[in-house]
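The values are calculated or read from the model by the stated rules, or taken from the named source; none is laboratory data. Model, not experiment: these values are computed from the prediction. All Cβ positions, even for glycine, are placed from backbone atoms using ideal geometry, and neighbour counts span all protein chains on display. SASA here: full protein model, heavy atoms, side chains in, ligands and nucleic acids out. Shrake-Rupley method; radii C 1.70, N 1.55, O 1.52, S 1.80 Å.
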Amino acid sequence: MRIVFIGPPGAGKGTQAKQLIDHLSIVHLSTGDMLRQARSDGTELGIKAAECMDRGELVPDELVVAIVAERIGKPDCQAGCLFDGFPRTIAQAEALDEQLQQRGAPLDLVLELKADEEELTRRMLERAKIEKRADDTPETIANRMKVYRSQTEPLLAYYANQGKLAPIDGMGTPDEVFARIRDCVDEKKQ
Ligand code: B4P
């Protein structure tokens with residue numbers, strides 16, 4: 001299966017992805033993780049990406065689309081892929097549709113993880129204490145929320161029009177949220 005995870009920052013995309021890839025035996029493709037890796041490797045891409053990430057802005061479409069295109073060409077993606085945090089703009093979604101169409105393997109499902117803004121902020125500030133991520137400061141979190149509403153939320157209508165969107169309640173414990181995701185995915189598999 002090919003599945004996209006959409007949701008505001010802190011909605012739990014990365015958290016849920018870990019369980020879902022085990023459940024479906026598919027590859028986890030997180031653009032956030034790939035960009036953080038490029039940053040810690042000190043590559044040209046990583047340096048460019050870091051500036052955007054630290055401001056809570058999106059990394060330019062062409063950079064993100066290129067790293068995803070390279071990754072989905074690898075043999076392990078043939079059995080299925082979970083796109084975590086990608087696409088985040090309409091341009092990225094169109095590029096992904098085109099790449100998958102060329103491979104004759106379109107998206108099956110788009111899961112929208114929903115949670116209250118207050119809870120999202122609480123989770124990210126909690127994570128800031130543990131992981132010290134450069135983009136988990138109160139100012140950057142506020143900007144990431146704003147960017148999500150303006151640039152990523154339009155994707156919900158894009159995928160609803162394709163009949164692929166499934167909203168998931170992201171409130172509650174990680175296990176409670178995963179049970180909802182598993183039910184939705186298993187129903188789609190049948
Ligand atoms: P991401 O790495 O995708 O980060 P995120 O949206 O903050 O996190 P996520 O929703 O995965 O939250 P998590 O499970 O960790 O992006 C970071 C940045 O990279 C972006 O701002 C952007 O600059 C750049 N980027 C990435 N993809 C891009 C793209 N396609 N285009 C352009 N730029 C891109 O959960 C958060 C915290 O909550 C964790 O500490 C977790 O333990 C906790 N948590 C999760 N579920 C919980 C629950 N149910 N209850 C309590 N706590 C929970």
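Observations, loosely collected:
- Note on the range 114-160: residues that are in contact with a Lys or Arg (Cβ under 6 Å, 6 or more places away or on another chain) and within 19 Å of Ala93 (Cα to Cα) amount to 1.
- Filter pass, Ile130 being more than 22 Å from Leu29 (Cα to Cα), open to solvent by 80 Å² or more (accessible area, probe 1.4 Å), of a type outside the set (Phe, Trp, Tyr) and within 11 Å of the ligand (Cβ to nearest atom): yes
- Filter result for Tyr148 (aromatic (Phe, Trp, Tyr), farther than 22 Å from Ile21 by Cα and within 14 Å of the ligand (Cβ to nearest atom)): yes
- Meets criteria (among the charged types (D, E, K, R) and near the ligand (Cβ under 9 Å from one of its atoms)) for Asp41: no
- Which listed residue, of Leu155, Leu165, is away from the ligand (no atom under 12 Å from the Cβ), within 18 Å of the chain's Cα centre (by Cα) and buried (at least 16 other Cβ atoms within 10 Å of the Cβ): Leu165
- Of the strands (runs of 3 or more DSSP E) lying entirely inside the range 76-172, those containing at least 2 residues that are over 28 Å from Glu62 (Cβ atoms) span 165-169.
- Just one of the numbered conditions (1) part of a helix (DSSP H, G or I); (2) near the ligand (Cβ under 9 Å from one of its atoms); (3) open to solvent by 10 Å² or more (accessible area, probe 1.4 Å) is not true of Gln16: (3).
- Qualifying positions in the range 56-65 - open to solvent by 60 Å² or more (accessible area, probe 1.4 Å) and either more than 8 Å from the ligand (Cβ to nearest atom) or hydroxyl-bearing (Ser, Thr, Tyr) (or both): Glu62
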